[in-house]
Each structure stands twice: as C-alpha cells, then as structure tokens.
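First the structure, in the form of structure tokens, and then the observations on it.
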Ligand SMILES: Cc1ncc(COP(=O)(O)O)c(C=O)c1O
C-alpha cells in the first residue's frame, strides 16, 4: 500500500527528495519529476503489468479527468482539448489542418523557439503561403511599438493567422496577448498561441486572450514528462479545420469494432467534430498519467500563488544580478513577467563558462540562445537566492 505523499507547499522540496541540484532553476527547459509523478508512472506500469488490455479503461477514464484539469488551467472546456504528443505535434496538426487559401499570410516572430516556426514554414511550402516576419524583441523594448507594427502588418491584409508564444523562451517576456488577440479579432486573423512557457507558472486564460488555438507540452512548467501535451481549439473554429492528420481513433465510434462484435469494421465513419479528432491513435499513457499527477500538485497550490512566489524569488535575484553587471531582460511591469528571468552575462564573461561553473556548483540553469536563464518553480525556496548568488560570485571570480 502506498504511504501518503507530502502535501505540495511553496518553497518546499519534500516531493523531490532525490533532486541533486542545490538550486534547480531550469524548469523552463525540463522539470524534474516529483514523487507524485514517479508514483503515477509506476502505478500505471504495474497496472499494465498485471492486467494488460484490461488496464486500458482505467487510464482512459483518467485522461478524461486530465482534460478537465487542463480546462480549468486555461479557462476552457474539457471537450475542446485534445491530448497530444507535445507542443510541436499540436502546432503541426494545426498548420496542416487550417483551412488555408493559396497566398494567405502567416505572421511569425523572429526570436521564437523553432517549434513555433518550423510547422508554419512547412505549411507555407505545402499550401503556397507567405510567412511574414516580425521581431519578438521589439516587445521587450516597447510593447506599444510591437503592437503598432503588428497592427500595420494586419492592416496590410491577407494575414490569416498570427503564431506567437505566450512567453518568449529567450527573454521570458509574457507577450501582450489580450492586445494581440484584440488586434487579430478586429482584423480577422486567427491567433495560435504556444503556451508551453506559460502554463503552470503564469495564469492562462484563453478566453481573455481571444485565442483560437493553444498548444502546450508537459515537461516544463507543468512538471510532467516529455512527449505529451495538449491542443485547445476554440469550439467555433473546429468545424472549419480540414482533418488532414486524422487517424483511426479520429472517427466517431472508431473503436467499436474492437469491443462490440462483428460487422463494425468500417472505414467511412464520420470524423469527430471536436478537438478529439486530433487524438487519432493510442498515445503516451505514461506521459498523461504523469501530467495528471503533476497538475494535481500545481492546482493544489494554485497558479496565481505560484506566479507570486516566482516573482518574489526573481525580484531578489534580478536586483543582485544587475548589481553584478548582468543585463536583465525581465519586463519592468508585472504584466510582462513570467517564471523566467533571462539575462545577458556581464561584458567579457563567457556565458557557457558561467553556465558550466554554476552547474558544477549544483546550480542548474539553462542557456537559451546564449542568455542565462533562471527559472525556479514552486518547490524553490526563497532562501536559496543567497546561495545562487554566492555561486555566481565564485563563477565570476574564476574569470580572472
Ligand atoms: C516556446 C517553446 N515551444 C515549444 C518548445 C518545445 O516543444 P515540444 O513540446 O514540441 O518539444 C519549447 C522548448 O523546448 C519552447 O520553449
């Protein structure tokens, strides 16, 4: 019988007893697994070990609960959410199934993580579309300037879709999605948001953003495992998607031939008219069990409380880093902030050497595109900050 696990509490690592790092600050890259995640994975494997196919309904039912939890996380209905094999898979499905017309334009941002670019480029090639490039960094310098440029582009006509990450992986900037959504609505473009750098750390509200599509993966701020995620489709958008990526489970009653007797094996069953059309095959049972477990922890604490905790942690760190010659890319205002503090290393300092030295000292950070990124999460204790700074001082001293 499993003993009860510790309750999740802000600043408490009890659910991560084997984590080696003294300070783990790479949640924007890959999160460590909690005891709850490990237990869920073991339970699933044990169940399939004992029962094989008979275990399937149990975990299939659990996935229904997972969709409900994800709906609560992003302010959406469970039936508009498809579980996917990760962010890229969700974006690729959208890019291939969007009702494109030759010559349509897609707005992409330079500085985005390639997961939110490559599928749009492939769609452009396949369907004869134009990719229009804007600069995400403009929003770091001046939100209004960025929005103005976007509006001018939309006014130019022909833009069918704007693809943007809620939080930029390079700078940690939370994009002004309410305003971007408003512009898209006014100018008749769809809004597709990659939310992997936001969900779990920043309150997410797909209604407030007026988004049409949102994709996400489990292994960063949701603290699940790699290889799974979800896609939310606005219910009014689902009918127009062309189900080019449908699979055997995309059909209505598509699995009946496996449990309801002879004569049900058909290839012309209608395709589902909901986000479930994107769940076309058997999928990562382990990944979803892990995600359900980590999400329960997150939602026990609550994302607004997590966001506040992260800001308190990063406030202390940012100030001290700037004093040491780092340049912070963190937004000056709360609306532009996320769980990541991205910095440029002081002049004359090699960021790779700094990152390696910190790693050696047990401070795990990440280094997207040469920025040093500090990304704590709910288990990080505010008391860690002096230790992180001490390690930075040691690393900086080693330069000379
Ligand atoms: C903005 C963004 N999108 C997507 C990904 C990854 O996508 P996937 O879940 O497909 O691996 C990352 C990081 O790995 C990211 O930072």
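The values are calculated or read from the model by the stated rules, or taken from the named source; none is laboratory data. This one's a predicted model, so the numbers in the text were calculated from it and none came from an experiment. Neighbour counts run over all protein chains shown; Cβ positions are idealised from the backbone, glycine included.
Data for the structure
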read-out	value
Test set (1) free of Cβ contacts under 8 Å to residues at least 40 places away in the same chain; (2) away from the ligand (no atom under 16 Å from the Cβ) - residue 95 fails condition number	(2)
Qualifying residue in segment 104-116 (condition: in a loop (DSSP other than H, G, I, E, B), in contact with a helix residue (DSSP H, G or I) (Cβ under 6 Å, 6 or more places away or on another chain) and either within 16 Å of the ligand (Cβ to nearest atom) or modelled with pLDDT under 95 (or both))	yes
Filtered residue count, segment 307-336, keeping only those that are under 15 Å from residue 11 (Cβ atoms) and either without any contact (Cβ under 8 Å) to a residue 24 or more places away in the chain or part of a loop (DSSP other than H, G, I, E, B) (or both)	2
Filtered residues of segment 68-92 (kept if more than 20 Å from residue 286 (Cα to Cα), crowded, with 23+ Cβ neighbours inside 10 Å and within 12 Å of the ligand (Cβ to nearest atom))	91
Qualifying residues in segment 20-29 (those that are surrounded by 15 or more Cβ atoms within 10 Å (Cβ to Cβ) and assigned to a loop (DSSP other than H, G, I, E, B)) - the one farthest from the chain's Cα centre (by Cα)	21
Members of segment 164-189 that are out of contact with any helix residue (DSSP H, G or I) (no Cβ under 7 Å at 6 or more places or on another chain) and more than 14 Å from residue 134 (Cβ to Cβ)	167, 172, 177, 178, 181, 182, 185, 186, 188
Count of residues meeting criterion [within 10 Å of the chain's Cα centre (by Cα) and more than 11 Å from the ligand (Cβ to nearest atom)] in segment 230-239	0
The lone exception for residue 131 - which of (1) surrounded by fewer than 19 Cβ atoms within 10 Å (Cβ to Cβ); (2) part of a helix (DSSP H, G or I) it fails	(2)
Any hit, segment 203-215, residues being surrounded by fewer than 22 Cβ atoms within 10 Å (Cβ to Cβ), in contact (Cβ under 8 Å) with a residue 40 or more places away in the chain, away from the ligand (no atom under 16 Å from the Cβ) and under 30 Å from residue 19 (Cβ atoms)	yes
Of all residues in segment 338-382 being within 16 Å of the ligand (Cβ to nearest atom) and in a loop (DSSP other than H, G, I, E, B), the one that is nearest to residue 27 (Cα to Cα)	377
Which numbered condition residue 249 misses (of (1) loosely packed, with under 15 Cβ neighbours inside 10 Å; (2) assigned to a helix (DSSP H, G or I); (3) without any contact (Cβ under 8 Å) to a residue 40 or more places away in the chain)	(1)
Out of 200, 227, sole residue that is touching a residue at least 24 places away in the same chain (Cβ under 8 Å), surrounded by fewer than 24 Cβ atoms within 10 Å (Cβ to Cβ), within 16 Å of the ligand (Cβ to nearest atom) and closer than 30 Å to residue 283 by Cβ	227
Qualifying residues in segment 182-197 (those that are within 12 Å of the chain's Cα centre (by Cα) and assigned to a loop (DSSP other than H, G, I, E, B)) - the one farthest from the ligand (Cβ to nearest atom)	195
Residue 35 more than 30 Å from residue 247 (Cβ to Cβ) and without any contact (Cβ under 8 Å) to a residue 40 or more places away in the chain	yes
Selected residue [in contact (Cβ under 8 Å) with a residue 12 or more places away in the chain, touching a helix residue (DSSP H, G or I) at 6+ places or on another chain (Cβ under 9 Å) and either over 24 Å from residue 10 (Cα atoms) or outside any loop (DSSP other than H, G, I, E, B) (or both)] from 263, 254	254
Residue ID - surrounded by the fewest Cβ atoms within 10 Å (Cβ to Cβ), chosen from residues in segment 288-306 that are assigned to a helix (DSSP H, G or I) and out of contact with any helix residue (DSSP H, G or I) (no Cβ under 9 Å at 6 or more places or on another chain)	304
Residue 242 being more than 25 Å from residue 65 (Cα to Cα), more than 16 Å from the ligand (Cβ to nearest atom) and assigned to a loop (DSSP other than H, G, I, E, B)	yes
Residue 12 being more than 27 Å from residue 198 (Cβ to Cβ) and away from the ligand (no atom under 16 Å from the Cβ)	no
Any hit, segment 136-155, residues being outside any helix (DSSP H, G or I), away from the ligand (no atom under 11 Å from the Cβ) and farther than 30 Å from residue 315 by Cβ	no
